[in-house]
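Values quoted throughout were computed directly from the atomic coordinates according to the rules given, and no laboratory measurement underlies them. These numbers come from a predicted model, not from an experiment. Quick reminder, even Gly has a Cβ in these numbers, built from the backbone with ideal geometry, and neighbours come from all protein chains shown.
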Amino acid sequence: MSDITGHPVGEGAPAIRDMEMSDLTRALRLGWKDFLRKPMMGLFFANVYVMGGWLIYLLLFVLEYEWLAIPLTFGFPLLGPFLAVGMYEVSRRLEAGQDTWARNEIFGVIWRQRLRQLPSMAWVVIVYFLFWSFFAHMLFALFLGPSALTNVTSSYAYLLQPEGITMLIVGGAFGAVFALVLFVLTVVSLPLLLDREVDFVTAMITSVAVVRQNPQVMLVWGAVIAGLTFLAMLPGLLGLYVVLPILGHATWHIYRFATVAAGDGVAR
């Protein structure tokens, strides 16, 4: 790994390091190792995500708003970084040499974050997700018209028409941009907020700075996250039971590789 070349972007923020592509495979290996060491923690947090997804789809079909499944399918993964906070804490402890603790200690750490900056960052993610859902709804109505919003609940033939295909292409392009912006803002900001006493704006600026200094590595990491998450969602979200914990733990190590040399003391 390269030496530190960047400077802290704000008070309390860490210096930024140059990264290498090998850091990505190393982070995934360490994420897999953390998952195997504490599998029940990873499965618990993944279960919250999977059950939440099933509940949303159940409510949509019971209330006959199936058309909302389209934006939610692409938008729901945007909440993943926040739900992985518990796994960041597990990896933080394992890295610091703590192998034994009560499960409630992890929940206690997460609960205490309500008095710090994580809630503000959570609102950024949630508002972003809601804005994407509204934007996708607007695209749907713009390309297919208001009548399709009611008829698509009984037939998805609208999506096979030229207007529907165009809507999917345009919506996919905008969705990719939305996801990229959120990725840039959160790729290291959430683990940073867990690790250090910084405000959420500084955390987001640090995250952007990491991507600017390591654009190729970070773009590949974003593609890895998107690809693995998409494949994990195909079998009824069941693949997320494995993929989400690994990515959650790996994200902690990405943060450490990008800002703090591996093996240094963990700030708290």
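With r as the distance between the Cβ atoms of Leu58 and Glu20 and R0 = 41 Å, compute the FRET efficiency 1/(1 + (r/R0)^6) and round to 0.05. Mind showing how you got there, number by number?
Numbers: r = 44 Å, r/R0 = 1.07.
It comes out at approximately 0.40.
Measuring from label point to label point, each 7 Å out along Cα→Cβ, what is the Tyr241 to Val201 span in nm?
A separation of 4.4 nm, rounded to one decimal place.
Please report the net charge: other residues with Cβ closer than 12 Å to the Cβ of Val85, K and R +1, D and E -1.
Counting the neighbours of Val85, the net charge comes to +2.
What is the sum of charges, Lys and Arg at +1 and Asp and Glu at -1, for the other residues whose Cβ falls under 14 Å from the Cβ of Met218? Let's see the in-between values first.
Working: positive: Arg17, Arg212; negative: Asp18, Glu20, Asp23.
Summing Lys/Arg as +1 and Asp/Glu as -1 gives -1.
Round to the nearest 0.05 the FRET efficiency obtained for Arg114 and Phe44 when R0 = 25 Å and r is the Cβ-Cβ distance.
Details: r = 19 Å, r/R0 = 0.77.
Taking R0 as 25 Å, the efficiency between Arg114 and Phe44 is 0.85.
Quick one: Karplus J couplings for the stretch 186-201, per residue in order, coefficients 6.51, -1.76, 1.60, θ = phi - 60°, nearest Hz, x for Gly and Pro?
Couplings: 10, 4, 10, 5, 5, x, 5, 5, 5, 8, 9, 8, 10, 7, 5, 5 Hz.
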